[in-house]
Amino acid sequence: MRIDLHIHTSPRSSCSYLGLSELVQEAKRLKLGGICLTEHQVVWTSEEAANLAEKGDIKVFRGNEFTTNQGDILVFGFEKDIKELLTIQELHAEVRKDNGFMIAAHPFRGFKTFGIGQLQMTVEQACRRKVFEFVDAIEIGNGKLTDDENDMACKVAEKLGLPGTGGSDAHRVDEVGRWVTVFENDIRTEQELLEELRAGRFTAAKEG
Ligand SMILES: [Zn+2]
Ligand SMILES: [Zn+2]
C-alpha cells in the first residue's frame, strides 16, 4: 500500500499552494492508497480528517512537522498542540509520553550548498548528527530534495539500522506522490499506521 507520508496543504501550512480537493483528486489519479497531512506545527483533528476521507473517498492520515534545533521532525501518533519551537530533546520527551513515532525529515537538505559536500562529509560523519539519536526513522526520500541529498539520508539510515520513509513534501499539486512509503500491509486506521511504522514494515519509493 502506497502512502505519501509528507504533504502540506493550504491554508493550514501558509507556505503551501495545495488545496484539499486538488490533493484528493491527484492522489486518486496516482492511485495512492492514502495521503498523510503533515502541516507545520499543527495537526488536523480526527473529525476533520474523517470528513475529508469520507468526502474524498480516500484514506487520510495525520502527522505533524515540528521544527526543532536539530531540523524538522515528522511526528505521528502525537496530537499535542505545541506552537513554540522545541529542542529535539524536549520534543522527544513529549512524543515519548504518547508513544508517538518520530522521523527525521529531509535531514540533508542543502548539505551541498552549505559547502559540507565540498569537505566531503563521509557517511560516518553524517551518522554522528545528534538528530539521529532521537528518531525512529529517517526520511530517505523527499520530493523536494536532490538525489544526492536523499542518497546521503539513505546511506545514513542503512548504517544506523533505521528504517527509511518516503514522502513528497508537496506544497503544490504537481509535487504530490513524487516519493511515497510502500507498506507491506494494508492500513485502515492511524493505529495500524503506527503499528506498521514501529514494525518497520515499509520501504521508500521514488515515483515522480
Ligand atoms: Zn520540513
Ligand atoms: Zn514538510
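Of note:
- Those residues of the stretch 84-103 which are of a type in the set (Gly, Ala, Ser) and under 21 Å from residue 192 (Cα atoms), in sequence order: 100
- Pairs, first farther than 12 Å from residue 208 by Cβ and within 14 Å of ligand 1 (Cβ to nearest atom) in the stretch 161-172, second open to solvent by 10 Å² or more (accessible area, probe 1.4 Å) and assigned to a loop (DSSP other than H, G, I, E, B), C-beta under 7 Å, six or more apart: 171/15; 171/17
Yes/no matrix, rows are residues, columns are (1) crowded, with 21+ Cβ neighbours inside 10 Å; (2) under 23 Å from residue 165 (Cα atoms); (3) aromatic (Phe, Trp, Tyr):
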| site | (1), (2), (3) |
| --- | --- |
| 5 | yes, yes, no |
| 11 | no, no, no |
| 33 | no, yes, no |
| 76 | yes, yes, yes |
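- Among the residues of the stretch 174-194, those that are exposed (fewer than 15 other Cβ atoms within 10 Å of the Cβ) and not in a loop (DSSP other than H, G, I, E, B) comprise 174, 191, 192.
- Pairing each residue of the stretch 132-144 that is under 15 Å from residue 77 (Cβ atoms) and touching a residue at least 12 places away in the same chain (Cβ under 8 Å) with any residue that is more than 16 Å from ligand 1 (Cβ to nearest atom) and in a loop (DSSP other than H, G, I, E, B), provided the two are 6+ apart or on different chains, yields C-beta distances under 6 Å for 137/162; 137/163.
- Scanning the stretch 59-70 for residues that are more than 10 Å from ligand 2 (Cβ to nearest atom) and buried (at least 18 other Cβ atoms within 10 Å of the Cβ) returns 59, 60, 61, 62, 64, 66, 68, 70.
Okay, residues lined up against (1) out of contact with any Lys or Arg (no Cβ under 8 Å at 6 or more places or on another chain); (2) within 15 Å of ligand 2 (Cβ to nearest atom); (3) among the charged types (D, E, K, R); (4) without any contact (Cβ under 8 Å) to a residue 12 or more places away in the chain:
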site: 89; (1), (2), (3), (4): yes, no, no, no
site: 95; (1), (2), (3), (4): yes, no, no, no
site: 124; (1), (2), (3), (4): no, no, yes, no
site: 146; (1), (2), (3), (4): no, no, no, no
site: 149; (1), (2), (3), (4): no, yes, yes, no
site: 158; (1), (2), (3), (4): yes, no, yes, yes
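For (1) over 17 Å from residue 141 (Cβ atoms); (2) surrounded by 21 or more Cβ atoms within 10 Å (Cβ to Cβ); (3) in contact (Cβ under 8 Å) with a residue 40 or more places away in the chain; (4) not hydroxyl-bearing (Ser, Thr, Tyr), each residue gets a yes or a no:
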{"position": "8", "(1), (2), (3), (4)": "no, yes, yes, yes"}
{"position": "14", "(1), (2), (3), (4)": "yes, no, no, no"}
{"position": "20", "(1), (2), (3), (4)": "yes, no, no, yes"}
{"position": "29", "(1), (2), (3), (4)": "yes, no, no, yes"}
{"position": "80", "(1), (2), (3), (4)": "yes, no, no, yes"}
{"position": "86", "(1), (2), (3), (4)": "yes, no, no, yes"}
{"position": "105", "(1), (2), (3), (4)": "no, yes, yes, yes"}
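- Close contacts from the stretch 50-70, counting a first residue that is among the acidic types (Asp, Glu) and a second that is within 12 Å of ligand 1 (Cβ to nearest atom), with Cβ to Cβ under 6 Å and a gap of 6+ residues or different chains, come to 65/38; 65/40; 65/72; 65/74.
The values are calculated or read from the model by the stated rules, or taken from the named source; none is laboratory data. Everything quoted here is computed from the prediction, not taken from an experiment. Glycine also receives a Cβ, built like all others from the backbone with ideal geometry; neighbour counts cover every protein chain displayed. To get the accessible areas, we keep the full protein, side chains included, count just its heavy atoms, and leave off ligands, DNA and RNA. Shrake-Rupley method; radii C 1.70, N 1.55, O 1.52, S 1.80 Å.
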